[in-house]
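Notes for the one structure printed next.
The values are calculated or read from the model by the stated rules, or taken from the named source; none is laboratory data. Predicted model only: the values in this text are computed from it and were never measured. All Cβ positions, glycine included, derive from the backbone under ideal geometry; neighbour counts span all protein chains shown.
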Amino acid sequence: MTTGKLNGKTVVITGAAQGIGKAYADRLAQEGAQVVLVDLKAEPLAAAVEDLRSKGHQAEGKVLDVSNEQDVKRVGQELGQAFPRIHGLINNAAVFSTIQLKPFWEIDSAEWDKVMAVNVKGPWMLVGALLPYLRAAEAASVVNIGSDAVWMGKDGYMHYVASKAAVYGMTHAMARELGGDNIRVNTLSPGFTETNVPRATFTQEQLNGIMKSQSLKRIADTDDIVGVASFLISDESRWITGQTLHTTGGLLFR
Ligand SMILES: NC(=O)c1ccc[n+]([C@@H]2O[C@H](COP(=O)([O-])OP(=O)(O)OC[C@H]3O[C@@H](n4cnc5c(N)ncnc54)[C@H](O)[C@@H]3O)[C@@H](O)[C@H]2O)c1
C-alpha cells in the first residue's frame, strides 16, 4: 500500500540489500518514494530490488563499495545522470553484522582501517559525490545512521563504537555546512534491533542487560524504526537538522 507521503522524492539508501537498510527501502517505497538501493553485495541487492518491484514500487539498484573513492565518484555521477534531483540519502551501509567481538587490543589495524573506511569515510564521500543532485532537490535530507552502542560504550568492538561516534560529529559539521543549501542532516541512532541477519555482535548476556536497561521491555525489530527514517526524509521534519533521534525504546536519556 502506498501512502503518498514521499511521492515525487528520490531517495538513495546504502547497505540496502539486507537487514535494516532493506527495511528502510521498503518503507520509503511504500510511502511513494523512488528508491535507489546501494550495496556491496550484488546478488542480495538484485533480490531486494526485485522484491520491491514485484510489489509495484519504483526501485533501482547500484552495486558499490562505499569505501572505494573512485567507485563512489563514478556511481555518484551515474546516479546524478539518472536522477538529477536526489531528495534523500540514508547512509546506512556499515561493517556491522560481520564483526566478531574481541578486546580492542586484539583488533588488527587492517580491520580498524576497514571499519573506519566504510562507516565514516563512506558517508562523507557519498554526500560529496551526490551534493550537486542533493542541492538540485532544493530541500534534501541526509540521514546518517549512528548507534547507541556509542553511548553504552559497548565492549567487544571498539573500532565500530569509535566509527559510529565519528558519525555524530560528521552530522553536526555537515548540518552546519549544508544548511545554506537547505539540506538537512540528522543522525538516526538505533539500539539493538533484530533483523533476519544472524550476527555475533551481541552475546545473550549483553542482550539481557540491554532489555533490562530499556524503558520498553522488549527487543526492537525493523518495524520499530523505519517510520523514524521516513519522518526524517519527509518534509514533516523540515525544521530539524543537526539532531540525533534515538530509536532505542528508552535505553539512555540524553
Ligand atoms: N541491527 C542493530 O542492532 C543496529 C544497532 C545500531 C545501529 N545499527 C546500524 O544500522 C545499520 C544497518 O544495520 P544492520 O543490522 O542492517 O547491518 P547489516 O550488517 O545486516 O547490513 C549492513 C549492510 O551494509 C552493506 N555493506 C557493508 N559494507 C559495505 C560497503 N563497503 N559498501 C556498501 N555496502 C556495504 C552490507 O552488504 C549489508 O547489506 C548499520 O549502519 C548499523 O551499524 C544496527
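Restricting the first member to region 46-74 and to residues that are at negative phi, and the second to residues that are in a helix (DSSP H, G or I) and modelled with pLDDT under 95, no beta-carbon pair is closer than 8 Å while six or more apart or on different chains. Considered as a group, the residues in region 125-147 that are touching a helix residue (DSSP H, G or I) at 6+ places or on another chain (Cβ under 9 Å) and part of a loop (DSSP other than H, G, I, E, B) include one that is nearest to the ligand (Cβ to nearest atom), and that residue is S147.
Filter region 193-243 down to residues that are at pLDDT 95 or above, under 18 Å from A94 (Cα atoms) and in contact with a Leu (Cβ under 9 Å, 6 or more places away or on another chain), then give me how many there are. The number of residues fulfilling the criteria is 3.
Exactly one residue out of A16, A29, A48 is buried (at least 18 other Cβ atoms within 10 Å of the Cβ), away from the ligand (no atom under 13 Å from the Cβ) and either closer than 14 Å to N196 by Cβ or at pLDDT 95 or above (or both): that is A29.
The number of residues in region 181-207 that are of a type outside the set (D, E, K, R), part of a loop (DSSP other than H, G, I, E, B) and near the ligand (Cβ under 8 Å from one of its atoms) comes to 6. Of the residues making up region 193-248, those that are in contact (Cβ under 8 Å) with a residue 60 or more places away in the chain and either on the phi > 0 side of the Ramachandran plot or of a type in the set (V, I, T) (or both) number 13.
Going by the structure shown, is M170 among the aliphatic types (A, V, I, L, M) and touching a Pro at 6+ places or on another chain (Cβ under 7 Å)? The answer is yes for M170. The residue of region 208-234 that is surrounded by the most Cβ atoms within 10 Å (Cβ to Cβ), among those that are within 10 Å of the ligand (Cβ to nearest atom) and assigned to a loop (DSSP other than H, G, I, E, B), is I225. A search for C-beta distances below 6 Å between a residue of region 155-182 that is without any contact (Cβ under 8 Å) to a residue 24 or more places away in the chain and any residue that is within 15 Å of the ligand (Cβ to nearest atom), counting only pairs 6+ apart in sequence or on different chains, returns V161/A149; V161/V150; A165/V150.
Counting only residues that are hydrophobic (A, V, I, L, M, F, W, C) and buried (at least 24 other Cβ atoms within 10 Å of the Cβ), which one in region 32-45 is farthest from the ligand (Cβ to nearest atom)? Applying the filter and picking the extreme gives A33.
Scanning region 32-60 for residues that are farther than 20 Å from S97 by Cβ, small (G, A, S) and touching a strand residue (DSSP E or B) at 6+ places or on another chain (Cβ under 6 Å) yields a total of 2. Just name the residue that is surrounded by the fewest Cβ atoms within 10 Å (Cβ to Cβ) out of those in region 235-254 that are aliphatic (A, V, I, L, M) and under 18 Å from the mean Cα position of the chain (by Cα). Filtering first and then ranking leaves I240.
In the set (1) buried (at least 16 other Cβ atoms within 10 Å of the Cβ); (2) touching a Leu at 6+ places or on another chain (Cβ under 9 Å), the condition left unmet by D181 is number (1). Total residues in region 77-124 satisfying the condition of being without any contact (Cβ under 8 Å) to a residue 60 or more places away in the chain, in contact with a Gly (Cβ under 7 Å, 6 or more places away or on another chain) and near the ligand (Cβ under 9 Å from one of its atoms): the figure is 0.
Please verify whether region 144-163 includes one or more residues that are farther than 22 Å from N186 by Cβ and among the acidic types (D, E). Yes; the residues of region 144-163 include at least one that is farther than 22 Å from N186 by Cβ and among the acidic types (D, E).
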